[in-house]
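This report refers to the structure that appears directly beneath it.
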Amino acid sequence: MFDKKQLEAELVLAGITRSNFAKDLGMNTSTLYKKMNGKTEWTLSEIHRAGEIRGEDKMPRIFFAKKVS
């Protein structure tokens, strides 16, 4: 289960804007917002790319959380 708050916290801690994160993921901001708000699903390649950007160790608690905060 995707944890939006964890991802938002990671972006804030890294000083990365949503716009820049979307660009780094190869998508537009609108697509990122849809994914963050559960309107569309994250692909495995997008999760992998997010891990390259923010660290693979953080991805399980963001994208595979048992309980969303």
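Overview of values
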item	result
Output for the stretch 37-59, where each listed residue is under 10 Å from Phe2 (Cα atoms) and open to solvent by 70 Å² or more (accessible area, probe 1.4 Å)	Asn37, Glu41
Selection within the stretch 17-50 - of a type in the set (A, V, I, L, M, F, W, C), farther than 17 Å from Ala65 by Cα and modelled with pLDDT under 95	none
Criterion (at negative phi and either crowded, with 16+ Cβ neighbours inside 10 Å or touching a residue at least 40 places away in the same chain (Cβ under 8 Å) (or both)) met by exactly one of Lys34, Lys66	Lys66
Count of residues meeting criterion [assigned to a helix (DSSP H, G or I) and open to solvent by less than 70 Å² (accessible area, probe 1.4 Å)] in the stretch 1-17	8
Filtered residues of the stretch 29-59 (kept if over 16 Å from Glu8 (Cα atoms) and outside any helix (DSSP H, G or I))	Lys39, Thr40, Glu41, Thr43
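The values are calculated or read from the model by the stated rules, or taken from the named source; none is laboratory data. Please read these numbers as outputs of a predicted model, since none were measured by experiment. No Cβ is skipped: glycine too gets one built from the backbone with ideal geometry, and neighbour counts run over all protein chains shown. Heads up: the accessible areas ignore ligands, DNA and RNA and are worked out on the full protein's heavy atoms, side chains in. Shrake-Rupley method; radii C 1.70, N 1.55, O 1.52, S 1.80 Å.
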